[in-house]
Amino acid sequence: MTSPGVSPPEFALNAINLASAGLGARPVFATDEFFAPLERMLQDAPPVYHPGVYDDNGKWMDGWETRRRRGPGNDHAIVALAANGRIRGFEVDTAHFTGNYPSACAIDACLAPDGLDEKTVWTELVCPRPLGPSAQHHFEVRSDVVWSHVRLRIYPDGGIARLRVYGTPAFDRAALGDTVVDLASSLLGGQIIAYSNGHYGHQRLLAPGRGINMGDGWETRRRREPGNDWIVVKLAARGEIDRIAVDTAHFKGNYPDACSLQAADLGAAACEVAASVTASSMFWREVLPPQKLQADSIHTYEAHALTAVGPVTHVRFNIFPDGGVSRLRVFGRIAKTGI
């Protein structure tokens, strides 16, 4: 259980939420959704509480909530992950469920790329563990197996505000071959590992699709000191950059004046701590020199506008001096050797 003021475990800080609705995770089945639908449990935004708000079935709750069981058994729900991946841990959040949370939960997973059926084999990753009221519960997983679905079992019934499945997407490099892909994509495993400021959010910068509003991207506070803001991304795979796209969708009075991009091949040092990577990023080679940006626009920089630096594992995206960017795409080909 995570208490206020206590940092979550490492796996929750340095992995991707494979159960994110914003990345494409979807509800598949629930034994019961009487008080609140399963899809709410997968939302990216923190759970909220609205005092005095009721619907036809009772109190409106931000999460998945079943009715009170009056017989044997327990409830469960199945979620299709946004991408097949290796799971490092789970977060089961009972925020705002104070008298209606489950007593315990357990979590199973399976690999069913063609869909679930009666022959699907489930593997227990988290044995039944106790839950408490309005708290984040973290469960680490030590497995290198690739999974596509998870099944959350709750005992015997109740409500879960959010389920987060932290891990790393798995993809078939051989199948991609020499295809140009977005090396920074969250769905392939691109990760933000450091940033100067993310006052209004940063998690969705590498998400699929275009931003749906100004809160769906990376936006910094207004700078009141010299310098500029930046964000460091670990690419999904070591590759050569072919094209860059910077989307300022919905940012009209607060888009950056300009941007640039640096890159480095950290090779075997790719597992260095974020602080070390951040310090070295100031001196990485410049791939894209400063470019003026426009409001609410997609800016594309083809190979002729870029400096070829060979295979890289990390990029540093700079904005001048501050502001908001909806999406960053770093297109390229995966290197034939390397990470």
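The values are calculated or read from the model by the stated rules, or taken from the named source; none is laboratory data. Note that this is a predicted model, so its numbers are computed, not measured. Cβ sites come from the backbone with ideal geometry, for glycine too, and all protein chains shown count toward neighbours. What goes into the accessible areas is simple: the full protein's heavy atoms, side chains included, and nothing from ligands, DNA or RNA. Shrake-Rupley method; radii C 1.70, N 1.55, O 1.52, S 1.80 Å.
When GLY73 is tested against (1) small (Gly, Ala, Ser); (2) part of a loop (DSSP other than H, G, I, E, B); (3) modelled with pLDDT under 95, exactly one condition is not met: (3). When the range 289-318 is filtered for residues that are among the hydrophobic types (A, V, I, L, M, F, W, C) and closer than 24 Å to LEU187 by Cα, the ones remaining, listed by number, are ILE298, ALA303, VAL312, VAL315, PHE317. Pairs meeting the criteria (first residue in the range 179-192 and modelled with pLDDT of 95 or more, second residue charged (D, E, K, R), beta carbons under 6 Å, at least 6 apart or on different chains) are VAL180/ASP242; VAL180/ARG333; ASP182/ARG329. For the range 241-264, check the following and say yes or no: at least one residue is open to solvent by 40 Å² or more (accessible area, probe 1.4 Å), of a type in the set (Gly, Ala, Ser) and farther than 22 Å from VAL312 by Cβ. The answer is yes; a qualifying residue exists.
Considered as a group, the residues in the range 216-239 that are within 15 Å of the chain's Cα centre (by Cα) and not in a strand (DSSP E or B) include one that is nearest to ASN318 (Cα to Cα), and that residue is GLY217.
Within the range 105-121, the residues that satisfy the criterion of being surrounded by fewer than 17 Cβ atoms within 10 Å (Cβ to Cβ) and either within 19 Å of GLY158 (Cα to Cα) or not small (Gly, Ala, Ser) (or both) are CYS110, LEU111, PRO113, ASP114, LEU116, ASP117, GLU118, LYS119, THR120, VAL121. If we scan the range 92-102, do we find a residue that is assigned to a strand (DSSP E or B), out of contact with any Lys or Arg (no Cβ under 7 Å at 6 or more places or on another chain), β-branched (Val, Ile, Thr) and open to solvent by less than 50 Å² (accessible area, probe 1.4 Å)? Yes, some residue in the range 92-102 is assigned to a strand (DSSP E or B), out of contact with any Lys or Arg (no Cβ under 7 Å at 6 or more places or on another chain), β-branched (Val, Ile, Thr) and open to solvent by less than 50 Å² (accessible area, probe 1.4 Å). Taking every residue in the range 1-25 that is modelled with pLDDT of 90 or more and pairing it with any residue that is in a loop (DSSP other than H, G, I, E, B) and acidic (Asp, Glu), at least 6 positions away or on another chain, the pairs with Cβ-Cβ distances below 9 Å are ASN17/ASP44; SER20/ASP44; ALA21/ASP44; GLY22/ASP44; GLY22/ASP216; LEU23/ASP44. Scanning the range 150-170 for residues that are more than 21 Å from LEU13 (Cα to Cα) and surrounded by fewer than 23 Cβ atoms within 10 Å (Cβ to Cβ) yields ARG151, ARG153, TYR155, PRO156, ASP157.
Within the range 26-47, restricting attention to residues that are in a loop (DSSP other than H, G, I, E, B) and touching a residue at least 40 places away in the same chain (Cβ under 8 Å), the residue that is nearest to HIS96 (Cα to Cα) is PRO47. For the range 46-67, the condition of being open to solvent by 50 Å² or more (accessible area, probe 1.4 Å) and β-branched (Val, Ile, Thr) holds for at least one residue. Residues in the range 164-215 that are β-branched (Val, Ile, Thr), in a loop (DSSP other than H, G, I, E, B) and within 23 Å of ARG86 (Cβ to Cβ): THR179 only. Would you confirm, using the coordinates I've provided, whether VAL141 is open to solvent by 10 Å² or more (accessible area, probe 1.4 Å), without any contact (Cβ under 8 Å) to a residue 24 or more places away in the chain and more than 25 Å from GLY71 (Cβ to Cβ)? Taking the combined requirement at face value, the residue does not satisfy it.
Within the range 175-182, is there a residue that is crowded, with 20+ Cβ neighbours inside 10 Å, farther than 30 Å from LYS59 by Cα and among the charged types (D, E, K, R)? Scanning the range 175-182, I find at least one residue that is crowded, with 20+ Cβ neighbours inside 10 Å, farther than 30 Å from LYS59 by Cα and among the charged types (D, E, K, R), so the answer is yes. Among the conditions (1) within 18 Å of LEU235 (Cα to Cα); (2) touching a residue at least 12 places away in the same chain (Cβ under 8 Å); (3) of a type outside the set (Asp, Glu), ILE298 misses just one, which is (1).
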